[in-house]
Amino acid sequence: MVFIQTLVFSRWDSAPGEDEPGHGFFMRLAELEGSVSMTTFANWNDLEVNRVATNQLMETLERHPMPPEWFERLRFNTPLRDGDGYILRGRSLPYHHIRFEPRRWCPGCIHESHHHRGWWEVESIRHCPIHCVELVTRDEGGTLVPWSWLGFGYSRDGYALGRQLPRRCDGAPFARYLLGRFGWLEPTSAPLLDAISIPDVIDYCEFVGRFLENPPVRKHPAIGQQSADIGYGALCGDRGDLAEAFRAWHRRYRRGHKARGVAAHFSWGYPMLAFLPESLRSTVRRAFQEAAVFETEGYDRRVTDEDFDVEFTPRREIAQQLNIEPRAVELLAREIGVLQKARERRTVAAEAIPAIAEFKETLIGIGEASKRLGVHQDAIRHLVHAGYLSVFKGLNPGRRAGGRYSPDQVANVLRLIEDLPVTGPVAYGLTFHTYRVRNNILPGELAVACLKGEVVICEKRDDVPGFKRLMVHTDAKRKRQSFMRSNETMTMGEAQALLNMTYETVFVLVNEGRLGEVERSPRQVLISRSAVEAFAAGHAKASDFGHGMGISGHAVTWRMQREGVRPVVKFVKGGKQIDTVFRRDDVMRVYGLENDPTIMEDARVNGFWKIIVPEAAKVCPYLIFPPRLPMSGQRVWNSSRGMSVHFQYDPGLGEIHIKLSAKGEYRNFWFDLNKDDYVVPIKEMLGVFDGIIKEATERQNAKTREWWRRRRAT
C-alpha cells in the first residue's frame with residue numbers, strides 16, 4: 001500500500017501570534033517539520049516558492065484543518081497582494097510601501113517571542129516602537145539573514161537573533177503612531193494626520209522629514225533612517241507647529257536670504273508639493289508660506305494655528321476695490337505694516353483692506369506737505385531719496401494726480417527738526433532761505449543736511465513752521481536789519497512815487513545803477529534820495545509826456561523812434577509792466593517845446609498838494625506821496641501795497657478826484673479847488689483813510705488767525 005501525503009504540514013502545535021503574518025507562521029511550521037531551509041522544504045513538498053509569496057503561502061496554509069480564527073488572524077496580519085498594492089489589516093497600501101528584502105526584525109521582540117511580526121514589512125517603519133531600537137537585517141557576525149533560513153532563535157552561523165531589551169515608550173513616534181493606526185498598539189492622536197489615509201501619512205511624514213533633516217540642495221535627497229520620525233514630529237501637532245518647524249529650518253539655513261516668493265526660500269521642498277496627494281498639500285504649502293513670512297518679516301511671536309485661517313486677497317483684487325493701481329496697494333500695505341511680500345500673489349490679508357482704504361484717505365499732496373514742512377516743493381524729492389518720506393503713487397489710475405505723502409511721516413520730520421540741537425551762536429545765524437541762497441544750495445539738499453546734523457543750528461524761530469524755523473550758522477556775523485535810516489536815502493516804493501513809474505521800471509533802473517543804490521537787504525533796498533531826485537528832474541515816462549500834450553504815450557514813443565532817439569527804459573510787449581522812459585530834454589527838442597508838459601502849472605493844485613502832503617504825514621504816515629501831482633495823475637500807496645489812493649486833476653471842472661482801494665474797500669472823494677475851504681475836509685478824508693485801512697487790516701488779521709487755528713486743529 002502506497003501512502004500519498006496531501007498536506008504540507010503534519011503538525012501545528014502552537015497557535016499564531018496576535019501580530020504574526022502568514023509567511024512567518026509558515027516558516028515556523030516548516031521548522032517543526034525538521035527542515036532548516038525554506039528552499040529544501042519547498043522542493044520536498046513540490047512547492048514553487050523562491051520568494052516571499054504571501055498569497056501562495058496563505059493558500060497553502062488554508063488547505064490545512066486548522067481553526068478558522070487562526071486563518072482570520074493570519075490573513076489580517078499578512079500583506080496580501082491586491083491589484084497594484086497590498087492589503088494589510090484591512091488597509092490598502094501601494095506596492096512601494098511594503099518591502100520583503102532584506103529580512104528585518106527587532107532583537108527585543110524576537111527575544112520575547114520567536115515569531116515574525118506583520119509590521120516589519122512596512123518599509124517606512126525603521127524602528128521598533130516597543131523597544132525603540134532600529135530594525136536589523138544582519139546577525140552579530142554581520143551576515144544577512146535570508147528568508148530561506150527558517151530559524152527565529154539563531155542565524156545560520158549560530159548567532160542569537162534576539163537579545164533582552166527593555167520596553168520603552170519614548171522613541172520611534174512615527175512607528176508607534178502607524179501601529180496605532182493599524183491596530184497593533186494603542187492609537188495615538190495627530191490632528192493633521194488622523195483624517196488622512198495611512199499611505200498619505202507615510203508619504204507626508206517622509207517628505208517633511210526628508211526636507212527638515214537636509215540643508216538646501218538642488219535635487220531632493222534620499223529618505224533617511226530618521227526621516228519619517230522627524231516628519232512625524234513636525235506633523236503631529238497643529239498647523240502652527242508645522243510652520244514653526246519650517247521656520248526653524250529657514251532660520252538655520254536661510255537667515256538673511258533675500259528672495260521674493262516662497263519657492264526660492266525652501267529649495268526643492270516647495271516645488272515638490274505638486275507631486276504629493278491633495279489631502280495635506282494645501283496645509284503644507286500654507287505652512288511654508290507662514291514660515292517664510294514670519295521669518296523674513298521679522299515677527300517675534302510664533303506661528304499659531306489661527307494664522308492659517310486668515311484669508312489673503314491678491315493685490316489686483318484690492319486695487320479694483322479701492323480704485324487704485326496694484327503697485328499702490330503694495331506701497332500702502334507696506335507703510336501700515338500689513339504687507340507680506342514673501343507670499344506669492346496673495347500679499348495682503350482681506351481684513352486689512354479697510355485699514356488700507358482709511359490710510360489712503362489721510363494722505364496729503366505735495367503742496368500741503370511742503371507747507372507743513374516749511375520748505376519748497378522741490379525739496380520733497382530730496383527728503384524722499386534720503387528716506388525721510390515715502391511717495392505714494394498710482395492712487396488715481398489714468399490721471400496725473402502726482403504722488404501723495406503720509407502725514408505721519410511729515411510729522412516725524414517735524415519732530416526731527418524739533419530735536420535738532422542748537423549749538424551755534426545766535427549772532428551768526430541766518431534764516432534757512434537766506435543761507436541756501438547765499439551758498440547756492442538747493443532747498444532739499446540743505447534740508448537733508450540739517451536733518452543729518454551736517455550743519456550747525458543757531459536758533460529756532462516759533463512764528464514759522466518746519467525748516468523755516470531753523471537759523472543756520474554762517475561764518476560772518478549776521479547783520480541785523482535796522483529800521484532807522486538816513487533822510488538821504490529812500491526806499492524803492494518812495495522812488496516809485498516820486499518818479500510816478502511802476503515798481504518794475506524802478507527795479508530796472510536800480511539794477512542798471514541809475515538810481516544810486518546804497519544798501520540792499522532781504523527786507524528792503526535803499527537808494528540815494530539825491531540820485532532819484534536828479535533822475536526825476538531829467539526824465540519822465542512817455543505817458544506823462546503824452547498826457548501833457550493831449551496825445552497817447554505810444555504816439556510819443558513812435559515819434560521819438562522816428563527821430564532816432566532811444567529811450568532810457570523801453571516797454572517790452574508781453575512782458576512785465578515796464579514804462580518807456582525818455583530824457584526830458586530829448587522830448588522837448590523833438591516836439592519843439594519851451595515848457596515841460598509833465599509839470600502842472602496850476603496854483604490851485606499846487607496849493608492843495610502843499611496842504612495834503614504834510615497832513616497825510618501826520619495821520620497816514622504809511623502813504624507815500626510825490627512832491628507834486630503830475631499831469632497824468634498819481635497813485636499813492638502804503639509799503640505793503642494793501643492800500644492805494646489815486647489822485648487825478650480835472651482842469652475842466654477844477655476838481656481833484658480821489659479813488660481809495662483798501663483790502664476790498666472802495667471809496668470815492670472829490671474836492672472843488674475853486675473853493676478855498678478844503679483844509680478841514682482833507683483832514684476828515686485822511687481820518688476816513690486811516691479808519692478804513694485799520695478795519696481792513698484787522699479783518700485780514702482775523703482771517704489769518706482763523707486759518708492758523710484750523711491748521712493747528714488738523
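The values are calculated or read from the model by the stated rules, or taken from the named source; none is laboratory data. What you see is a predicted model; the values in this text were computed from it and never measured. Heads up, the Cβs are rebuilt from the backbone with ideal geometry, glycines too, and the neighbour counts pull from every protein chain shown. Ligands, DNA and RNA are stripped out before the accessible areas are found, and what is left, the full protein with its side chains, is counted by its heavy atoms. Shrake-Rupley method; radii C 1.70, N 1.55, O 1.52, S 1.80 Å.
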Within straight cross-link reach of K675, meaning Cα distance under 13 Å, which aspartates and glutamates are found once same-chain residues fewer than 8 apart are removed?
-> E655
Using 0.36 nm per residue, how much length does the chain from T39 to A248 gain when fully extended, once their Cα-Cα distance is taken away?
-> 70.0 nm
Evaluate E = 1/(1 + (r/R0)^6) for Y154 and T304, where r is the Cβ-Cβ distance and R0 equals 41 Å; express this FRET efficiency to the nearest 0.05.
-> 0.15
Expressed as a percent, the accessible surface of the chain that is carbon or sulfur, using a 1.4 Å probe and the full set of protein chains, is 49
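Quick one: length gained pulling M549 to R583 fully straight, 0.36 nm per residue minus the C-alpha distance?
Gain on stretching M549 to R583: 10.7 nm.
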Along the principal axes of its C-alpha atoms, what lengths does region 204-275 span, in descending order and rounded to whole Å?
-> 31, 26, 23
Holding the Cα-Cα limit at 20 Å, pick out from K468/K694; K541/K683; K659/K694; K541/K570; K570/K659 the pairs that are longer than that.
-> K468/K694; K541/K683; K570/K659
So, in nm, how far is label D650 from label I611 when the simple model puts each one 7 Å beyond its Cα toward the Cβ?
-> 1.9
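For M272 and R63, what does the FRET efficiency come to when R0 = 56 Å and r is the distance between their Cβ atoms, rounded to the nearest 0.05? Display every interim value, and only then the final one.
On the way: r = 47 Å, r/R0 = 0.85.
With a Förster radius of 56 Å, E is 0.75.
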The chain: relative contact order in percent, alpha carbon pairs under 8 Å with at least 6 residues between = 5
Once the dipole of region 605-714 is set up with Lys and Arg at +1 and Asp and Glu at -1 on Cβ about the Cα centre, which of N606, S661, H646 lies farthest towards its positive end?
-> S661
Rounded to the nearest 500 deg cm²/dmol, what is the calculated helix-only ellipticity per residue at 222 nm for the chain, with -39500 (n - 2.57) per DSSP H run of length n ≥ 4?
-> -12500 deg cm²/dmol
Using only Cα atoms, locate the centre of region 286-304 and the centre of region 657-707, then give the distance between them in Å, rounded to an integer.
-> 74
If you roll a 1.4 Å probe over the heavy atoms of the protein chains, what accessible area per residue do you get for region 602-714, in Å²?
-> 58
In nm, spacing of pseudo-spin labels at A411 and D194 (7 Å Cα→C-beta vector) | 5.0
Those aspartates and glutamates that a straight Cα-Cα span of less than 17 Å connects to K360, excepting residues fewer than 8 apart in one chain = E317, E325, E330, E335, E351, E368, D408
So L322 and S14, fully extended at 0.36 nm per residue minus their Cα-Cα distance, gain in nm 103.0 nm
So who's got an amide H within less than 5 Å of the one on I98, skipping anything under 5 residues away but keeping other chains? H placed 1.01 Å off N, in plane.
-> E123
Only one of the values (i) 37; (ii) 53; (iii) 44 was calculated from this structure for percent of Cα pairs over 51 Å apart; name its label.
-> (ii)
Among all cysteines in the chain, which have no other cysteine Cβ under 4.7 Å from their own Cβ?
-> C132, C169, C205, C236, C450, C458, C620
So if R0 is 25 Å, what FRET efficiency would A537 and E695 give, r being the distance between their Cβ atoms, rounded to the nearest 0.05?
-> 0.05
Working note, region 492-630: Cα radius of gyration (Å, one decimal) and Dmax (Å, whole number) are 15.9, 48
Straight distance only, please: which aspartates and glutamates reach the Cα of K371 with their own Cα at less than 14 Å, same-chain residues fewer than 8 apart left out?
-> D463
